[in-house]
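Nothing in this text is a laboratory measurement; each read-out follows from the coordinates by a stated rule. Given the structure is predicted, the values throughout are model-derived calculations rather than measurements. Here the Cβ is made from the backbone with ideal geometry for all residues, glycine too, and neighbour counts use every protein chain on show.
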Amino acid sequence: MSGGDHLTLLETSKDKDGNWFDGGTTYGMRVPTNPPVLQFWSVTTYDNTTRGPVFTDKGAADASSQQNLVANADGSVDLYFGPTKPAQVQNGIKTVPGRGWFPYFQFYGPTEGLLR
């Protein structure tokens, strides 16, 4: 099976301080330049209670390299998760206040460098 034939996913439920993700708080995440993937990457938020995808008034709470995301000068992409998008934020994923959530970061066609 070549790297383009499968999916690898990463998940976390807590922030860098060990606190559970809260839909009323804003968080940031940087996807590095040239992530180890042959096809594309995607991040989707899931509800802690239902274990299903988070849907908001903006639709599915997700982002992917197949969307028209704004990249930084070095090619990395900053993603923000929160109930409202700050004015300076380009790539926002809406969360629901009062609801816990967790992200699945999916790599479609991961390369060998992913788990190094």
Query raised in the report: Using a simple charge model, +1 on the beta-carbon of Lys and Arg, -1 on the beta-carbon of Asp and Glu, nothing else, what dipole does segment 1-56 show about its Cα centre, in debye to the nearest 20?
Result: 80 debye
**Report entry** Max mean-square fluctuation residue, GNM over the chain, Cα-Cα springs under 10 Å, options Thr26, Thr49, Thr84
**Finding:** Thr49
Query raised in the report: Which of the peptides 88-98, 36-46 is most tightly packed, and how do the rest follow, judged by the mean count of other Cβ atoms within 10 Å per residue?
Result: 36-46, 88-98
Query raised in the report: Taking the Cα centre of segment 1-99 as origin and charging only Cβ (+1 Lys, Arg; -1 Asp, Glu), how large is the dipole, in debye to the nearest 20?
Result: 180 debye
Report summary line: Expected max-MSF residue from Gly59, Gly82, Gly23 in the GNM of the chain (alpha carbon, under 10 Å) is Gly59
Query - Whole-number percent relative contact order across segment 1-75, with pairs defined as alpha carbons under 8 Å at least 6 apart - result: 24 percent
Report task. Note the full-extension length gain between Ala71 and Trp20 as 0.36 nm times their separation in residues minus their Cα-Cα distance, in nm to one decimal. Result -> 15.6 nm
Query - Phi-based couplings in Hz for segment 44-50 (Karplus 6.51, -1.76, 1.60; Gly and Pro marked x) - result: 10, 8, 10, 7, 4, 7, 7
Query raised in the report: In terms of modelled amide H atoms, which long-range or inter-chain residues lie less than 5 Å from the amide H of Thr111?
Result: Val37, Leu38
Query raised in the report: Do any trypsin sites (Lys or Arg not before Pro) in segment 1-78 lie in a loop, going by DSSP, with at most 13 other beta-carbon atoms within 10 Å of their beta carbon, and if so which?
Result: Lys16, Arg51, Lys58
Query raised in the report: Picking from Tyr46, Thr33, Gly113, whose Cα lies most toward the positive end of the charge dipole for the chain (charges on Cβ: Lys, Arg +1; Asp, Glu -1)?
Result: Tyr46
